[in-house]
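For reference, the structure is listed below as structure tokens.
The values are calculated or read from the model by the stated rules, or taken from the named source; none is laboratory data. All figures in this text were calculated on a predicted structure; none of them were measured in a lab. Here the Cβ positions follow ideal geometry from the backbone for every residue, glycine too, while neighbour counts run over all protein chains shown.
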Amino acid sequence: MKTTHQRAHASRRGSALALSLMIVTIVALLSAMMLQLSSAHWRREAGAVDQKRAFYIAEAGLSEAIYGLLQGNSGIVGTQELPVRFGDGVFWTQAESDAQDIVHIESTALCGQARAKLAIAIELYYDNALNLGAFSGRNMTIGAGAYIDAYNSKNGPYSAPLPGAVLYRATVGSNGDVSVGGLRGLVPTTILGNVTPGPDKSVSVALGGNVVGNTSPRADSVELPLITIPAASWFGPMTVSPAGTGLLPSGTYAGPNMTIGTNATGTIVGPAIVVVDSLHLAGSARLRVDSSVGPVEIYVRQAMTTTALSSIVNVTGDPRGLSLWLDMSTRTGGVLSFAHQGAFHGSIYAPRADVAIAANAPVYGSVVAGGLTLAPGAQFHIDVSAGDLGSTDMSLSVLHWRPVAVPREIAGDLRYEPLADFAARGVALPAPGAGHVPIDMAVEYTRDDGEVRTFRGTEETFDRSVVDAVIEEVVQPPVRTENRVGQRRSWTDIDDPVTAKLKPVKGKRGMGPRDDDDDDDD
Amino acid sequence: MKPVRRNGQTRTVTREGGFTLLELIIAAGILAIIIVNMSMLLRATSQTHDASEDTQALDLHARQTLDRIVIALQSAAKNSVIPAAEAPLYSSAVDYDVSLGVEDGELVWGEPERIGLQMDTGEVLWYRSLGTEEERRVVWGRYVGPAMLGESPQNGLDDNTNGIIDELGLSFTVAGDSVIVRMTLERTNSAGVALVREFEQVVAFRN
């Protein structure tokens with residue numbers, strides 16, 4: 001039998017429970033509210049952090065693409081279908097060249113729900129003074145009626161630019177003043193490009209002279225490095241008697257002099273390095289350079305003489321195939337008059353000498369000298385790729401950088417989280433180093449907007465939907481190679497001259513006379 | 001109910017039927033103390049949370065504003081930035097040109113842009129083609145203070161010893177190939193607490 005107290009206790013138990021439940025419910029609601037607020041704030045913070053991460057991942061993508069280009073790859077890293085993993089996100093890059101060989105790279109990055117896309121335009125070049133085009137360490141004089149323009153030997157032989165369509169700008173420069181002549185008869189002096197005098201120096205253009213470009217002075221002087229003479233096997237004097245012929249096969253040669261007599265022809269087959277104290281071309285002597293297999297580099301320590309009837313003929317017509325490195329260490333003054341019969345396709349680097357280009361010797365290539373003078377009526381067609389020869393390292397200059405809008409198909413679905421998606425699909429994303437796309441094909445094409453682009457990469461990474469018309473398509477072009485001769489990087493395969501054997505003609509030591517006729521094709 | 005017999009009389013006692021007044025007063029007192037304490041605790045927590053949240057929101061707002069400024073100036077050409085004020089001078093607005101790309105070997109520049117402080121509203125405004133029919137204007141940020149933190153304007157002194165004299169709440173100072181962006185945000189939250197935050201970022205020109 002229950003007592004009165006027991007019944008009373010029983011009646012009060014329920015109210016305590018209800019009170020407790022009410023308090024717990026209130027606390028739970030407050031906690032949930034706080035959690036909701038914190039969660040919303042955290043999401044905002046996380047979104048901002050992801051956006052920054054995506055931006056920097058895209059930056060990393062640009063760097064990786066540039067690294068790939070410098071290594072001879074296409075600059076394409078990963079694809080939208082299979083991007084590379086970097087940090088907490090992914091990226092892929094696209095790279096193409098335009099008609100001026102400027103490489104345009106786009107890097108797209110996804111991190112969490114954030115997206116970023118950056119674009120950059122870079123110019124790759126070789127660390128080589130020959131990239132200066134026409135350059136004088138001191139004052140420069142361009143005679144009346146002279147003509148200077150530029151072209152790119154990588155795109156084929158020189159052709160005069162169409163009126164109003166300057167594809168490449170000539171680079172004419174000096175550490176001193178530049179004097180541009182006026183009319184020569186009715187022919188004006190014309191320079192299709194920039195003329196850059198030295199710091200605090202100026203360009204004076206005579207009446208009738210025409211400079212289609214900038215003439216602002218440079219900020220700092222250009223220091224012309226002295227020539228480093230490469231090591232070469234001793235060979236002795238290299239002499240071709242008058243009216244005779246001689247041949248130097250591929251290889252490295254060093255000797256006191258190279259002398260080619262009147263009406264004689266000496267041939268050097270590249271790839272070759274020739275180091276001599278002096279180079280003399282007498283009368284109508286001809287030094288023939290066959291650079292169809294590899295470049296020829298001629299180093300002259302002390303003196304070089306040519307005549308108005310002598311010639312140095314580069315049979316390929318490609319300036320990158322011939323370079324004259326004129327050290328002139330014992331020269332104390334005077335002008336190296338580069339008298340020449342006919343066109344000269346090559347580059348001259350003479351940091352200690354004054355070089356004069358004659359009117360009857362049009363130059364296709366680059367001339368960088370301590371002092372440079374172009375005679376009245378001289379013609380100079382600067383090869384913007386001249387620096388590819390004899391270079392040791394590639395460098396780049398960034399022309400343009402900017403963030404670009406992320407395409408709608410990528411930015412549209414903000415719920416898409418790439419890492420989670422690929423993980424769910426069991427797809428292992430490669431690291432950036434493994435995502436570089438090699439060059440298996442090259443396609444020069446016109447885009448829908450009329451721009452000419454060159455794609456290098458693989459068929460799988462080429463988006464043909466953007467192609468309006470294919471100009472040229474090369475499947476499996478030669479891979480870029482590093483060659484010992486100046487560590488040239490080229491699209492052309494070049495035999496390694498280290499393995500080339502020295503082959504004196506007819507058992508003679510030196511460039512002796514040859515009986516067989518030289519089948520000139522120049 | 002149990003009848004109780006006392007001196008021959010019968011009375012009904014109902015002790016278990018409710019609370020005494022004293023019990024109720026004590027219970028109400030305890031409940032009031034608990035509620036007051038809880039409300040004080042909740043209020044303090046809420047205020048702290050709100051202040052923290054407002055500060056974080058202000059930081060986030062500042063970072064987003066600065067990010068926009070940084071990306072815009074990174075895309076600009078250094079020699080296009082006007083005025084290129086160097087310390088101890090500054091400017092609270094900059095005009096610049098943005099590179100759009102390279103065509104035919106030449107850089108293509110977009111319409112001139114401006115980032116500047118609207119003093120009366122404390123807004124950071126971005127303009128394109130200012131003063132033309134195609135003018136575009138976007139508010140990139142708010143709550144910019146009238147002066148930089150620690151700076152008393154118009155006294156000709158560098159009060160906050162940051163090398164800049166009398167700078168406003170948004171200032172641009174060119175230093176070599178970079179521009180230093182400084183910004184002070186001020187906001188009073190719902191609890192009446194004044195929040196002041198200062199931010200600084202160095203931006204390197206990319207073009």
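Overview of values
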{"quantity": "Strands (runs of 3 or more DSSP E) lying entirely in the range A:341-402 (those with 1 or more residues that are within 28 Å of A:GLY208 (Cβ to Cβ), over 26 Å from the mean Cα position of the chain (by Cα) and more than 14 Å from every other protein chain (Cβ to nearest Cβ))", "calculated": "A:344-357, A:363-374"}
{"quantity": "For A:ALA424: the one exception among (1) more than 22 Å from the chain's Cα centre (by Cα); (2) surrounded by 15 or more Cβ atoms within 10 Å (Cβ to Cβ)", "calculated": "(2)"}
{"quantity": "Condition met for B:GLU133 (surrounded by fewer than 20 Cβ atoms within 10 Å (Cβ to Cβ) and either among the charged types (D, E, K, R) or under 17 Å from B:VAL70 (Cβ atoms) (or both))", "calculated": "yes"}
{"quantity": "All strands (runs of 3 or more DSSP E) inside the range A:147-233 with 1 or more residues being at positive phi and modelled with pLDDT of 85 or more", "calculated": "A:193-196"}
{"quantity": "Within the range A:150-189, considering residues that are more than 14 Å from chain B (Cβ to nearest Cβ) and under 23 Å from B:LEU107 (Cβ atoms), the one surrounded by the fewest Cβ atoms within 10 Å (Cβ to Cβ)", "calculated": "A:LYS154"}
{"quantity": "Among residues of the range A:51-85, those that are within 9 Å of A:HIS436 (Cα to Cα) and outside any helix (DSSP H, G or I), counted", "calculated": "6"}
{"quantity": "Number of the exception - B:GLU16 against (1) at pLDDT 90 or above; (2) within 13 Å of chain A (Cβ to nearest Cβ); (3) touching a Lys or Arg at 6+ places or on another chain (Cβ under 9 Å)", "calculated": "(1)"}
{"quantity": "Unmet requirement for B:GLU113, which otherwise passes all of (1) surrounded by 16 or more Cβ atoms within 10 Å (Cβ to Cβ); (2) within 23 Å of the chain's Cα centre (by Cα)", "calculated": "(2)"}
{"quantity": "Cβ-Cβ under 7 Å pairs, at least 6 apart or on other chains, the range A:38-49 side within 10 Å of chain B (Cβ to nearest Cβ), far side among the β-branched types (Val, Ile, Thr) and part of a helix (DSSP H, G or I)", "calculated": "none"}
{"quantity": "Members of the range B:171-205 that are part of a loop (DSSP other than H, G, I, E, B), surrounded by fewer than 20 Cβ atoms within 10 Å (Cβ to Cβ) and either modelled with pLDDT of 90 or more or not acidic (Asp, Glu) (or both)", "calculated": "B:GLY176, B:ASN189, B:SER190, B:ALA191, B:GLY192, B:VAL193"}
{"quantity": "A:ALA48 of a type in the set (Gly, Ala, Ser), on the phi < 0 side of the Ramachandran plot and in a helix (DSSP H, G or I)", "calculated": "yes"}
{"quantity": "For A:VAL90: the one exception among (1) within 27 Å of the chain's Cα centre (by Cα); (2) more than 12 Å from chain B (Cβ to nearest Cβ)", "calculated": "(1)"}
{"quantity": "Test: residue in the range A:113-122 that is surrounded by fewer than 24 Cβ atoms within 10 Å (Cβ to Cβ), assigned to a loop (DSSP other than H, G, I, E, B) and more than 27 Å from the chain's Cα centre (by Cα)", "calculated": "yes"}
{"quantity": "Only one of B:ASP67, B:ASP97, B:ASP104, B:ASP54 that is surrounded by 13 or more Cβ atoms within 10 Å (Cβ to Cβ) and either in contact with a Cys (Cβ under 9 Å, 6 or more places away or on another chain) or touching a residue at least 24 places away in the same chain (Cβ under 8 Å) (or both)", "calculated": "B:ASP54"}
{"quantity": "Selection within the range B:47-73 - within 11 Å of the chain's Cα centre (by Cα), facing chain A (nearest Cβ under 9 Å) and β-branched (Val, Ile, Thr)", "calculated": "none"}
{"quantity": "Counted residues, the range A:75-100 - those being surrounded by fewer than 22 Cβ atoms within 10 Å (Cβ to Cβ) and either free of Cβ contacts under 8 Å to residues at least 60 places away in the same chain or hydrophobic (A, V, I, L, M, F, W, C) (or both)", "calculated": "4"}
{"quantity": "Of the criteria (1) without any contact (Cβ under 8 Å) to a residue 60 or more places away in the chain; (2) touching a Leu at 6+ places or on another chain (Cβ under 8 Å); (3) within 12 Å of chain A (Cβ to nearest Cβ), which one B:PRO112 fails", "calculated": "(3)"}
{"quantity": "Strands (runs of 3 or more DSSP E) lying entirely in the range A:423-514 (those with 3 or more residues that are at pLDDT 50 or above and hydrophobic (A, V, I, L, M, F, W, C))", "calculated": "A:441-447, A:467-475"}
{"quantity": "Qualifying residue in the range A:103-118 (condition: under 20 Å from A:ASP50 (Cα atoms), among the small types (Gly, Ala, Ser), more than 14 Å from chain B (Cβ to nearest Cβ) and touching a residue at least 60 places away in the same chain (Cβ under 8 Å))", "calculated": "yes"}
{"quantity": "Output for the range A:403-422, where each listed residue is part of a loop (DSSP other than H, G, I, E, B) and of a type in the set (D, E, K, R)", "calculated": "A:ASP413, A:ARG415, A:GLU417"}
{"quantity": "Given (1) in a helix (DSSP H, G or I); (2) under 19 Å from A:ALA431 (Cα atoms), index of the condition A:ASN131 fails", "calculated": "(2)"}
{"quantity": "Selection status of B:ASN79, modelled with pLDDT under 85, out of contact with any helix residue (DSSP H, G or I) (no Cβ under 6 Å at 6 or more places or on another chain) and more than 10 Å from chain A (Cβ to nearest Cβ)", "calculated": "yes"}
